[in-house]
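The values are calculated or read from the model by the stated rules, or taken from the named source; none is laboratory data. Being a predicted model, the structure only gives us computed values, none of them experimental. Don't worry about glycine lacking a Cβ; one is built from the backbone with ideal geometry, like all the others, and counts go over all protein chains shown.
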Amino acid sequence: MIKVADARIGTCIMNRGEPYKVTQKERVTVGTHMHSKTKLTVQGVFSGRTEILTLGHHENLEDLEIVNKKGQVIAKIAPDQVQLMDLVSYETLTTAVTKEQFEQISEGSMLTFIEIQGKIIVIEIRDAKE
């Protein structure tokens, strides 16, 4: 848990059960007696949806640590799913990918992905074999 005042641009937080990344932070004044609050603009990691949160400086946020992992594609399963192997733990994972990513990926392709709460997002295809 971190305080809203300690959140920085790039910090990942949980908002209504979904991970969000802070994209903007500013101090705003609300009310007639000059009460200030922190305005955070956040973007959903999975949904891409942008939201604006106005919170008190002392309120707590649940922070997340996102670690980029490296993997290798084992197989293309469906038009939107691939099976990959985590190159650190050698765990086999299945994930959905975009149509553009699916066209670039082939068996043996190296990629970078993140895993949050059991959901996987491919963020970079590092070695697209033709």
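Odds and ends about this structure:
Rundown of residues vs (1) of a type outside the set (D, E, K, R); (2) surrounded by 13 or more Cβ atoms within 10 Å (Cβ to Cβ); (3) within 17 Å of the chain's Cα centre (by Cα); (4) more than 12 Å from Val73 (Cβ to Cβ), yes/no style:
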{"position": "Met85", "(1), (2), (3), (4)": "yes, yes, no, no"}
{"position": "Thr92", "(1), (2), (3), (4)": "yes, no, no, no"}
{"position": "Val97", "(1), (2), (3), (4)": "yes, yes, yes, no"}
{"position": "Ile105", "(1), (2), (3), (4)": "yes, yes, no, no"}
{"position": "Gly108", "(1), (2), (3), (4)": "yes, no, no, no"}
{"position": "Phe113", "(1), (2), (3), (4)": "yes, yes, yes, no"}
{"position": "Lys119", "(1), (2), (3), (4)": "no, yes, yes, yes"}
{"position": "Ile123", "(1), (2), (3), (4)": "yes, yes, yes, yes"}
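- Residue match in the range 38-59 (condition: over 24 Å from Glu18 (Cα atoms) and either modelled with pLDDT under 90 or more than 17 Å from the chain's Cα centre (by Cα) (or both)): no
- Search result, residues across the range 51-83 that are in a strand (DSSP E or B) and loosely packed, with under 11 Cβ neighbours inside 10 Å: Ile52, Ala78
- Ile74 in contact with a Ser or Thr (Cβ under 6 Å, 6 or more places away or on another chain), of a type outside the set (Lys, Arg) and at pLDDT 90 or above: no
- Selected residue [in the same structural domain as Cys12 (by TED's automatic domain parsing) and not hydrophobic (A, V, I, L, M, F, W, C)] from Thr38, Thr98, Thr112, Thr94: Thr38
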